[in-house]
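The values are calculated or read from the model by the stated rules, or taken from the named source; none is laboratory data. Keep in mind that this is a model prediction, so the values were computed, not measured. With ideal geometry, Cβ positions are generated from the backbone for all residues, glycine too; neighbour counts draw on all protein chains shown.
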Amino acid sequence: MAEAAAAPAKPAKTTSGRPDSLHLLLNNSLATAGLVIFALIVLAALAAPLLPLPDPDATAPANRLLRPLAEGHLLGTDALGRDILSRLIWGTRVSLAVGISATLIAAFFGSLIGLVAGYAGGRVDTLLMRGIDMVMAFPYILLALAIVAVLGPGLLNALYAIAVVNIPFFARNIRGIALGLSRREFVDAARLSGKSNTQILFVEVLPNVLPVIIITMSTTIGWMILETAGLSFLGLGAQPPQADLGSMLGDGRKILFTAPHVSIIPGTMIFALVMSINLLGDGVRDVLDPRLKSGALTRPVARTAVMRQIVPEDIRPDRNAVLDVRGLKTEFHFGGEVYKAVGGVDMAIGQGECLGIVGESGSGKSVSAMSIMGLVPTPPGRITGGVALLDGEDLFAATDERIRHLRGSAVSHVFQDPLSTLHPLFTVGDQLIEAIQAHQPLPKAQAREKAASLLKVVRIPNPAERLKSYPHELSGGMRQRVCIAMALANDAKIIIADEPTTALDVTVQAQVLSLLDALRKEHNAGILFITHDFGVVSAICDRVAVMYAGQFVETGTTDDILSSPAHPYTAKLIDCVPVLGQPERRLDAIGGRPPVVNRLPIGCAFAERCPRAQDDCRAAPIPVTELGEGRTVRCVHPLTGEAADA
Amino acid sequence: MHEGVLLQIERAERVFGGGRTLFGQPKPAVHAVQDVTIDVRKGETLGVVGESGCGKSTLARMIVGLDAPTGGRILFDGRDLVAEAGRDLRRLAREVQYVFQDPVASLNPRKTIRTILEAPLIHLLHLGKGQREARLEELMDAVNLAPEFLDRYPHEFSGGQAQRIGVARALAANPKLIVLDEPVSALDVSVQAQVLNILDGLKDRFGLTYVFISHDLSVVESVSDRVAVMYFGRIVEVGPGRSVFRSPRHPYTHLLLNSAPAPGRKSLVSEDADTELPDPYNPPPGCAFYARCPRRTDMCNSRMPSLESVPGEEGHAAACFHPHGGT
């Protein structure tokens, strides 16, 4: 699924199908509101010398404590008769300047410490980070007070104090990222290219850390302004008569009840400023953070949306098939683009039969399999056509409740990576019991017995003991056996196995394959087996479907397809794999690349790479031709000569 | 030193962990690579096969100087360059280069291909601007990519193209030896053949020597002149590709060959489920394959078999007390 979802996303980037960062930010209405308010405040503050404002420090005792909207003083005056509007704008200017410069200083030193600690590791890391820990162990306001106490009150000293107090925040954030990046392969590659440590740190690692630095800055700047205000409020920041939001608040404190506007106005300004910065900062983080960018913010629904234009009615189900899929179409909608991942797939699996789907990454084989039980994430995926009949029941028309009942019982899945499908915090016994109890009302003791017997079925030695193991205590092969046991827990009729052995070593792969082969005969379960390896197909599959650009291009029995492939793509795919025992064999690479599924040609999708392609291949959609019993090919110029010989 | 030997690995060993804690307790240690001795001759391809955790990648990283052996020596052209690499990697990097398994992860996502390929030309070869331009064109041509790709970013490339850029970067410094660590296992089968064919062509064109590491037996068989099979940090069998694959001596090699799926091969020979690697923190005193071996006897569990050459077959050796007979 991951591969299929990633494949269509790639071309989107180059063709600007995906909106750029600014558009994404503007899509977020809260962030936009923050941006507008912040921009207005910054503009006003920047324009302070140009605006027709009275001198903010000029006192006029005769006009003291005028209420807002008084003549000549829009926001009134304070206890010394100074114009509050003028002081507010000049004060905002100071607060902003202090907050931003403190952020920049903290970001610079904090990031530097974090980068060096993360990259160097070992003793340097320990030394630097323990130092940072010590700074963090003091209450921040106490530390800031101590620094100001040593340096003496004043705006500049307050700025230093706030910067120092916030360095640990940056250092810890950046160190984590730098640590991960420094172990990446491109850093090793740079080292082998002859770059020195300093060059690697600043030329290779830093550009990759920069977004995180910006995110951290955008979320801390509001906090810094608050802290500046706090210090000034205590009289340790801006010194009279200079205006700054914190000191204005401090001045108003004593007359809060007689003239509330003197403190409420700067308070509101602080609130608006910090709030707008935080909203904007959150928006910036959502746009820049790669983890959120990859779609973690979209919540897929429990089941793939079914939007069939025509619901086929008079389909006579194949009597021999447990699972019968006709004309399955699945699409992904990204922005304005439609990616036709699966474009009309027919397949039937009988009892105890194993059908293999073979194809390159991005060919749509996983999406086809996931569509059957509605496991393709929506958004962006949707099923736009076809039926999937399980014992004659249309799965795409079934209720959500029914699908939930069938998932894990009649139809179960085995995925590629057992480490990520098993929950790391529960024992395999707990997980197996949960799988059993989800579908069968058994008391815990009986379920445990059944779980142990399932582990025995998948040939795990000492099953009662193994139930108590956590996934990380088992080897890769054992974990995959547990996943298979889970798939068998509720008498599955169909097991959908998506590259179940790709992550395993060859000797373990052989074990798992022969286990699956034996189990399907014992339990009479059909297997839909997805793989890219013809060797694996030979070991387990009765029939094979070769998939290319969302369609089956050839189907037939494994022996027929391997001995006499009819579609040129199948033939090429077999020829390009080295075969054990034939080292002299010349490998025949397939030139070109698979088509992008949002711009499929009208005719044959393989024509661009096909040596046999002629004009009629590109003219119209290629129909499926029956070549014999259970043998089809989607090609107008198939390799029939070889087929006839065989 | 023998004639024509480019790289000599003598009893190389790499231990992870070990030492003592602050309170004097010994820390557990893992022998990732143990007692590996092997020569690589000029112009050949040495294939190294093994399953995950057998130490093949650690061996590769030691050859290129990204990791230092904790015991033994690695000599390149007679000089102990790897010991030097601890101080300055550049000298070794001019002679030995590395191709990574994951082609996309080995390219910095924020650099253009030009910047990535220029780095070894600037830092290792100290070429001027004009020379660099000519060399870049030559490199892109060597890996069969259009020169206009130079100004693109890594995410714009498919896996196969990215791996060809990885190969071009390794070539840039004009090395004599390239270590390829699973260079095709992250690629689709159709692309795998492209990269293998390009690697084959480059070897002749630039007179290169390869150390080719892979878990895929069929790929190793198709590219290698000689093959070393690793298990649990040691070489258990080594020899010319033909003899190792046609008449494997070590029971582990036998098992590997019989487990490998191949088109047309119906049933795979498989062992019982109770077969796992020994605990690396508590290695067995004898042969590491003892627990899985169908030919084991008591002596296998008490003594470590050493690599003994197979009588009648030049250069073929296996570390087993009860090897399979020749065919």
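Just a few scattered comments:
- Residue that is nearest to A:Gly526 (Cα to Cα), among those in the range A:312-333 that are exposed (fewer than 12 other Cβ atoms within 10 Å of the Cβ) and not acidic (Asp, Glu): A:Asn320
- Test: residue in the range B:122-130 that is in contact with an Asp or Glu (Cβ under 8 Å, 6 or more places away or on another chain) and either surrounded by fewer than 21 Cβ atoms within 10 Å (Cβ to Cβ) or facing chain A (nearest Cβ under 9 Å) (or both): no
- Helices (runs of 4 or more DSSP H) wholly inside the range A:430-506 that include at least 3 residues being farther than 28 Å from A:Arg402 by Cβ and modelled with pLDDT of 90 or more: A:444-457
- Of all residues in the range B:195-210, exactly one satisfies the criterion of being in contact with a Gly (Cβ under 8 Å, 6 or more places away or on another chain) and surrounded by 24 or more Cβ atoms within 10 Å (Cβ to Cβ), namely B:Val195.
- Every residue from the range B:275-309 that is in contact with a strand residue (DSSP E or B) (Cβ under 7 Å, 6 or more places away or on another chain) and at pLDDT 85 or above: B:Ala288, B:Phe289, B:Leu307, B:Glu308, B:Ser309
- Among all positions in the range A:203-224, there is no residue which is surrounded by fewer than 24 Cβ atoms within 10 Å (Cβ to Cβ) and in a loop (DSSP other than H, G, I, E, B).
- Among the candidates A:Thr384, A:Thr330, A:Thr378, residue that is among the β-branched types (Val, Ile, Thr) and assigned to a loop (DSSP other than H, G, I, E, B): A:Thr378
- Inter-residue pairs, beta-carbon under 7 Å, first modelled with pLDDT under 85 and in the range A:213-225, second among the acidic types (Asp, Glu) and assigned to a helix (DSSP H, G or I), 6+ apart: none
- Of all residues assigned to the range A:63-83, none qualifies as being assigned to a helix (DSSP H, G or I) and hydrophobic (A, V, I, L, M, F, W, C).
- Options B:Tyr231, B:Tyr210: the member that is within 12 Å of chain A (Cβ to nearest Cβ) and at pLDDT 90 or above: B:Tyr231
- Among residues of the range A:160-189 that are within 14 Å of another protein chain (Cβ to nearest Cβ), those with a Cβ under 7 angstrom from a residue that is charged (D, E, K, R) and part of a helix (DSSP H, G or I), sequence gap 6+ or separate chain, pair up as A:Phe186/A:Glu204; A:Val187/A:Glu204; A:Ala189/B:Arg169.
- Criterion violated by A:Leu474 - all others in (1) surrounded by 24 or more Cβ atoms within 10 Å (Cβ to Cβ); (2) within 13 Å of chain B (Cβ to nearest Cβ); (3) of a type in the set (A, V, I, L, M, F, W, C) satisfied: (1)
- Condition broken by A:Val338, with the remaining ones in (1) closer than 24 Å to A:Leu24 by Cβ; (2) buried (at least 24 other Cβ atoms within 10 Å of the Cβ); (3) among the β-branched types (Val, Ile, Thr) satisfied: (2)
- A:Pro54 assigned to a loop (DSSP other than H, G, I, E, B) and either outside the structural domain of A:Thr198 (by TED's automatic domain parsing) or in contact with a Ser or Thr (Cβ under 9 Å, 6 or more places away or on another chain) (or both): yes
- When every residue of the range A:80-94 is checked against the conditions, at least one turns out to be assigned by TED's automatic domain parsing to the domain that holds A:Gly230, within 25 Å of A:Leu226 (Cα to Cα) and among the small types (Gly, Ala, Ser).
- Some residue of the range A:199-221 being of a type outside the set (D, E, K, R), over 29 Å from A:Ser101 (Cβ atoms) and over 25 Å from the mean Cα position of the chain (by Cα): yes
- Among the residues listed as A:Gly246, A:Gly237, A:Gly267, A:Gly230, the single one being surrounded by 23 or more Cβ atoms within 10 Å (Cβ to Cβ) and modelled with pLDDT of 85 or more: A:Gly246
- Matching helices (runs of 4 or more DSSP H) fully within the range A:95-192 where at least 1 residues are in the same structural domain as A:Thr216 (by TED's automatic domain parsing) and touching a Gly at 6+ places or on another chain (Cβ under 6 Å): A:155-182
- None of B:Ser57, B:Ser106, B:Ser52 is buried (at least 22 other Cβ atoms within 10 Å of the Cβ), outside any strand (DSSP E or B), within 14 Å of another protein chain (Cβ to nearest Cβ) and in contact (Cβ under 8 Å) with a residue 60 or more places away in the chain except B:Ser106.
- Of everything in the range B:309-323 that is exposed (fewer than 14 other Cβ atoms within 10 Å of the Cβ) and either without any contact (Cβ under 8 Å) to a residue 40 or more places away in the chain or aliphatic (A, V, I, L, M) (or both), the residue that is nearest to B:Glu44 (Cα to Cα) is B:Ser309.
- Contacts under 7 angstrom Cβ, first residue in the range A:458-471 being within 10 Å of chain B (Cβ to nearest Cβ), partner in a loop (DSSP other than H, G, I, E, B) and not hydroxyl-bearing (Ser, Thr, Tyr), 6 or more apart: A:Arg459/B:Ala273; A:Ile460/B:Ala273; A:Pro461/B:Ala273; A:Pro461/B:Asp274
- A:Glu584 vs. criteria closer than 20 Å to B:Val189 by Cβ, surrounded by fewer than 18 Cβ atoms within 10 Å (Cβ to Cβ), under 36 Å from the mean Cα position of the chain (by Cα) and charged (D, E, K, R): no
- Some residue of the range A:444-453 being within 28 Å of the chain's Cα centre (by Cα), under 25 Å from A:Leu515 (Cα atoms) and surrounded by 21 or more Cβ atoms within 10 Å (Cβ to Cβ): no
- Residue within the range A:133-147 that is farther than 30 Å from A:Gln242 by Cβ, crowded, with 20+ Cβ neighbours inside 10 Å and among the hydrophobic types (A, V, I, L, M, F, W, C) present: no
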